[in-house]
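In what follows, a single structure is set out as structure tokens and then discussed.
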Amino acid sequence: MTDRGNDMGTVSSEKTAYCGDGELVIRAMEEADAQVFTDGELAQGWHTDVSKFLEKLKDRDEGRCVSLTAEFRGHPAGYIHVYLKVREGPFAGKGWPVIVDFGVLEKYRRMGIGTRLMDEAERIASRYADTVCLSVGLHEGYGSAQRMYVRRGYVPDGTGAWYRGESCTPYSDYPVDDDLVLHLYKKLHG
């Protein structure tokens with residue numbers, strides 16, 4: 001699998017494996033994966049819709065991101081997307097890639113799959129910048145992701161909580177849902 005930036009800041013990629021070890025293969029996401037992940041997340045009680053995956057695949061096909069699937073023993077187990085440009089929030093315009101919408105289905109957790117997906121996403125991001133960023137939800141459902149990001153060296157950007165692309169106003173009320181996030185970044189080189 002190759003991906004490379006071009007003069008327009010897009011990603012070009014082939015649909016082959018990025019890496020693998022027999023049991024686990026990190027490969028380009030395929031359209032069929034969208035329904036597998038949607039069904040898996042709905043079974044876990046998550047609020048999801050196949051359109052979120054199809055939108056990412058459209059972005060990938062248009063060269064805006066790399067969309068990866070972790071396949072464990074032949075079954076889609078997790079996913080991650082790396083966008084070259086941040087469109088909103090405190091990192092917009094910095095030229096840093098952003099990791100978006102990362103997940104591992106519950107029955108495949110604690111097998112190192114999330115770590116391998118993050119390793120590959122950071123490797124891809126490092127081709128374009130020395131820093132990568134992401135956002136993480138603040139409610140309990142994101143607890144394992146929050147801990148993973150800290151262990152991997154991500155730090156808060158210092159702008160506090162954000163809701164739907166806007167910085168939260170102190171002492172105001174916001175719903176504690178998937179849109180209430182903290183922005184984090186990590187230096188990849190040096």
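The values are calculated or read from the model by the stated rules, or taken from the named source; none is laboratory data. Everything numeric in this text was worked out from a predicted model, so none of it was measured. Note that we place each Cβ from the backbone using ideal geometry, even for glycine, and neighbour counts take in every protein chain shown.
Among the numbered criteria (1) more than 16 Å from the chain's Cα centre (by Cα); (2) in contact (Cβ under 8 Å) with a residue 40 or more places away in the chain, which single criterion is violated by residue 161?
(2)
Does residue 59 fit the bill of being without any contact (Cβ under 8 Å) to a residue 12 or more places away in the chain and at negative phi?
Considered against the rule, which asks whether it is without any contact (Cβ under 8 Å) to a residue 12 or more places away in the chain and at negative phi, residue 59 comes out as no.
Taking the stretch 120-145 on its own, how many of its residues are free of Cβ contacts under 8 Å to residues at least 12 places away in the same chain and within 20 Å of residue 86 (Cα to Cα)?
Residues in the stretch 120-145 being free of Cβ contacts under 8 Å to residues at least 12 places away in the same chain and within 20 Å of residue 86 (Cα to Cα): 1 in total.
I'd like the full set of residues that are over 14 Å from residue 82 (Cα atoms), at pLDDT 90 or above and outside any loop (DSSP other than H, G, I, E, B), limited to the stretch 21-35.
If the condition is that a residue be over 14 Å from residue 82 (Cα atoms), at pLDDT 90 or above and outside any loop (DSSP other than H, G, I, E, B), then 24, 25, 31, 32, 33 are the ones that fit.
Residue by residue, here is whether (1) surrounded by fewer than 18 Cβ atoms within 10 Å (Cβ to Cβ); (2) within 30 Å of residue 36 (Cβ to Cβ); (3) not hydroxyl-bearing (Ser, Thr, Tyr) holds:
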position: 99; (1), (2), (3): no, yes, yes
position: 112; (1), (2), (3): yes, yes, yes
position: 136; (1), (2), (3): no, yes, yes
position: 141; (1), (2), (3): yes, yes, yes
position: 154; (1), (2), (3): no, yes, no
position: 166; (1), (2), (3): yes, no, yes
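Taking the condition exposed (fewer than 15 other Cβ atoms within 10 Å of the Cβ) and closer than 22 Å to residue 94 by Cα, does residue 160 pass?
The answer is yes for residue 160.
Going through the stretch 87-104 one residue at a time, which ones are closer than 15 Å to residue 122 by Cα and out of contact with any strand residue (DSSP E or B) (no Cβ under 9 Å at 6 or more places or on another chain)?
none
Which residue pairs have Cβ atoms closer than 9 Å, lie 6 or more positions apart in sequence or on different chains, and pair a first residue in the stretch 85-96 that is on the phi > 0 side of the Ramachandran plot with a second residue that is of a type in the set (A, V, I, L, M, F, W, C) and in a loop (DSSP other than H, G, I, E, B)?
So the pair list comes out as 93/86; 95/84; 95/86; 95/129.
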